[in-house]
Amino acid sequence: FAFGRQAAHLAGLPALCYLVIRTQDPQTMQRLVLVVSMFYLSCIHIHRQIYDYNSLSLDVTGPLMVIVQKVTSLACSLNDGLTYREEDLTANQRYYAVSKIPSVLEYFAYIFHFHVLMAGPVIFYKDYIEFVDGHNFLKHSSGMDNHIDSNLGSSRLMLEPSPKLVAIKKIAASVLCAFLFISFITSFPISKIKDDDFVDKRTIFSQMCYLSIATLLVRFK
């Protein structure tokens with residue numbers, strides 16, 4: 001919605017980098033990912049300078065710069081995890097090293113993680129996947145020994161709650177918002193508030209009601 005056809009680049013750049021990660025030698029893969037991603041981003045920047053110079057409109061280069069940081073950091077983490085022994089790495093490299101190439105779903109879920117796609121800050125893949133799997137909570141929980149709760153001498157297993165119900169609720173809410181947006185946006189276009197008739201012939205109460213509905217539908221997008 002924000003970038004129109006330019007949104008194809010949000011998938012194109014990480015897709016090319018994923019092919020490099022999957023097909024190239026882990027010894028040199030991180031350098032190739034950096035070159036490919038920076039070249040792609042540079043082409044988009046040059047295109048904007050030529051055809052849209054001095055424009056204040058939102059363009060796709062913002063999230064692309066974030067994606068470049070994501071794919072290169074992941075490639076470096078894979079290089080550390082797949083080609084070096086632990087004793088040869090620094091403490092920071094050991095912590096962020098990734099020893100398994102992510103699946104397509106894991107990779108693109110990391111790339112398009114909503115909270116850090118549009119503006120950052122970038123998070124490392126290791127932190128992201130541990131959060132998704134819930135391992136970050138177990139790793140930093142106090143009083144835990146092999147998932148056993150030792151509080152008050154109890155040996156109760158600490159079971160992670162199932163995310164299915166929460167996920168279903170979120171998906172249902174998203175579908176409902178999409179349905180309401182598609183069904184009513186043509187009846188309450190936000191552009192109508194600029195019409196002279198809207199200001200001159202409607203009461204204040206009618207204007208406020210229309211604005212409330214129109215802006216609500218826009219937020220559903």
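The values are calculated or read from the model by the stated rules, or taken from the named source; none is laboratory data. Keep in mind it's a predicted model, so treat the numbers as computed, not measured. Neighbour counts run over all protein chains shown; Cβ positions are idealised from the backbone, glycine included.
Below is a table of values for the structure above.
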read-out: Qualifying residue in segment 57-77 (condition: without any contact (Cβ under 8 Å) to a residue 40 or more places away in the chain, loosely packed, with under 12 Cβ neighbours inside 10 Å, of a type in the set (S, T, N, Q) and assigned by TED's automatic domain parsing to the domain that holds PHE108); value: yes
read-out: Which numbered condition GLN27 misses (of (1) of a type outside the set (Ser, Thr, Tyr); (2) part of a helix (DSSP H, G or I); (3) in contact with a helix residue (DSSP H, G or I) (Cβ under 7 Å, 6 or more places away or on another chain)); value: (2)
read-out: Filtered residue count, segment 185-205, keeping only those that are assigned to a helix (DSSP H, G or I) and either of a type in the set (Lys, Arg) or at pLDDT below 90 (or both); value: 11
read-out: Condition check for SER212: part of a helix (DSSP H, G or I), over 23 Å from the mean Cα position of the chain (by Cα) and not aliphatic (A, V, I, L, M); value: yes
read-out: Options GLY62, GLY81: the member that is in a helix (DSSP H, G or I) and under 22 Å from the mean Cα position of the chain (by Cα); value: GLY62
read-out: Cβ-Cβ under 6 Å pairs, at least 6 apart or on other chains, segment 19-44 side under 20 Å from GLU106 (Cβ atoms) and outside the structural domain of VAL68 (by TED's automatic domain parsing), far side modelled with pLDDT of 90 or more and of a type in the set (A, V, I, L, M, F, W, C); value: none
read-out: Filter result (modelled with pLDDT under 90 and either closer than 25 Å to GLN27 by Cα or surrounded by fewer than 14 Cβ atoms within 10 Å (Cβ to Cβ) (or both)) within segment 112-124; value: PHE114, HIS115, MET118, ALA119, PRO121, VAL122, ILE123
read-out: Residue selected from segment 17-56 under the condition of a type in the set (Ser, Thr, Tyr) and under 21 Å from ALA119 (Cα atoms), by the criterion surrounded by the most Cβ atoms within 10 Å (Cβ to Cβ); value: SER37
read-out: Matching residues in segment 167-190 - criterion: being under 24 Å from SER206 (Cβ atoms) and of a type in the set (Gly, Ala, Ser); value: SER183, SER187
